[in-house]
Every structure is written in C-alpha cells, then in structure tokens.
Amino acid sequence: MGAGDGALSPEVTHISWGRLEAGGRVFKDARLYPGGAREWDWNETGTRHEPGIRPADVEELLARGARVVVLSRGFYGRLRVMPETLELLARRGVRAHVLRTEEAVRLYNELRRKEPAGALVHTTC
C-alpha cells in the first residue's frame, strides 16, 4: 500500500469553472488521493488536451494507495485520456472511471467513502 494507508481521500466540497475546493484548499486542477490533495500541474508531466492524461499523471495516485481512480475530462470533455494510461491502471488492478467533470466529482465523492480513491480533476474545458 502507499503513503495514504487507511486515510480517506478528501471530499470535493465545491466545483465550478476553474475552481475546485477539497480538503480545505482551493485548486484550479487537482490530484486527489488517500490522505491528501495537491494542484495538478500539467507541466510536470507534459500533459496537454491531446493526447491527454498520461501514465505519469496517475503514478502518484497509485503510489499513495488509490485502488480506484476517477479521471475528469473537463466540463465539455475536451481532455482526452491516453490508452496507455488506462492500460497501466488495468495492469495494476485499479478500476478507472473516465467522465466529464461534474459526473466525475459526484462519483469520486461517492467512492472515497467506500475505498481508497484517487482522482485527477480538470475544472475547465
């Protein structure tokens, strides 16, 4: 297990265009994982809308103990997910859900109560 052993993932308490609140903090885009949250800075991994969420983007969620991952594609679904990212999650035995932002946050908040959950949430397009 990862660094978040036994810890709940933070609840998203607000989501709107360009703003997410979770764990008492405010983000534009967020990485959520058991025990914490931090800004999701796309520059760290070279993420762009196309080809989309990269395997490197989910590695931290896995290292922190996420057993289910929710990937947000933005409010309008413009952010893609690389097939390699979904393949990595499948190889690690981690369920993945790919949804537009509002539905992704709803599902993540539900899952986080039941099991170690991680999410990448994009709050614009």
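The rows are residues; the columns are (1) over 22 Å from residue 6 (Cα atoms); (2) in contact (Cβ under 8 Å) with a residue 60 or more places away in the chain; (3) surrounded by fewer than 18 Cβ atoms within 10 Å (Cβ to Cβ).
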| site | (1), (2), (3) |
| --- | --- |
| 20 | yes, yes, no |
| 26 | yes, no, yes |
| 32 | no, yes, no |
| 41 | yes, no, yes |
| 52 | yes, no, no |
| 55 | yes, no, yes |
| 66 | no, yes, no |
| 75 | yes, no, no |
| 78 | yes, no, yes |
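Considering every residue within region 86-100, establish whether at least one is among the acidic types (Asp, Glu), assigned to a helix (DSSP H, G or I) and more than 17 Å from residue 11 (Cα to Cα).
yes
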* Residues located in region 107-125, provided they are of a type in the set (A, V, I, L, M), in contact with a Ser or Thr (Cβ under 9 Å, 6 or more places away or on another chain) and not in a strand (DSSP E or B) -> 111
* To do: Have a look at 13, 47 and point out the one that is free of Cβ contacts under 8 Å to residues at least 60 places away in the same chain, surrounded by fewer than 17 Cβ atoms within 10 Å (Cβ to Cβ) and among the β-branched types (Val, Ile, Thr).
  => 13
* To do: Could you look through region 80-125, keep only residues that are among the β-branched types (Val, Ile, Thr) and under 14 Å from residue 22 (Cβ atoms), and pick out the one that is surrounded by the fewest Cβ atoms within 10 Å (Cβ to Cβ)?
  => 123
* Asked: Can you find even one residue in region 33-49 that is in a loop (DSSP other than H, G, I, E, B) and closer than 20 Å to residue 113 by Cβ?
  -> yes
* To do: Evaluate region 59-68: report whether one residue or more is at pLDDT below 95 and in contact with a helix residue (DSSP H, G or I) (Cβ under 8 Å, 6 or more places away or on another chain).
  => no
* Can you tell me which residues in region 13-26 are assigned to a strand (DSSP E or B) and farther than 15 Å from residue 61 by Cβ? -> 13, 14, 15, 16, 19, 20, 21, 25, 26
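Based on this model, can you work out whether residue 6 counts as open to solvent by less than 80 Å² (accessible area, probe 1.4 Å) and assigned to a loop (DSSP other than H, G, I, E, B)? Show your work before the answer.
Numbers: open to solvent by less than 80 Å² (accessible area, probe 1.4 Å): no; assigned to a loop (DSSP other than H, G, I, E, B): yes.
When the stated conditions are applied, residue 6 does not pass them.
The values are calculated or read from the model by the stated rules, or taken from the named source; none is laboratory data. Computed from a predicted structure; not experimentally measured. Don't worry about glycine lacking a Cβ; one is built from the backbone with ideal geometry, like all the others, and counts go over all protein chains shown. Just so you know, the surface numbers come from the protein's heavy atoms only, side chains and all, with ligands and any DNA or RNA stripped out. Shrake-Rupley method; radii C 1.70, N 1.55, O 1.52, S 1.80 Å.
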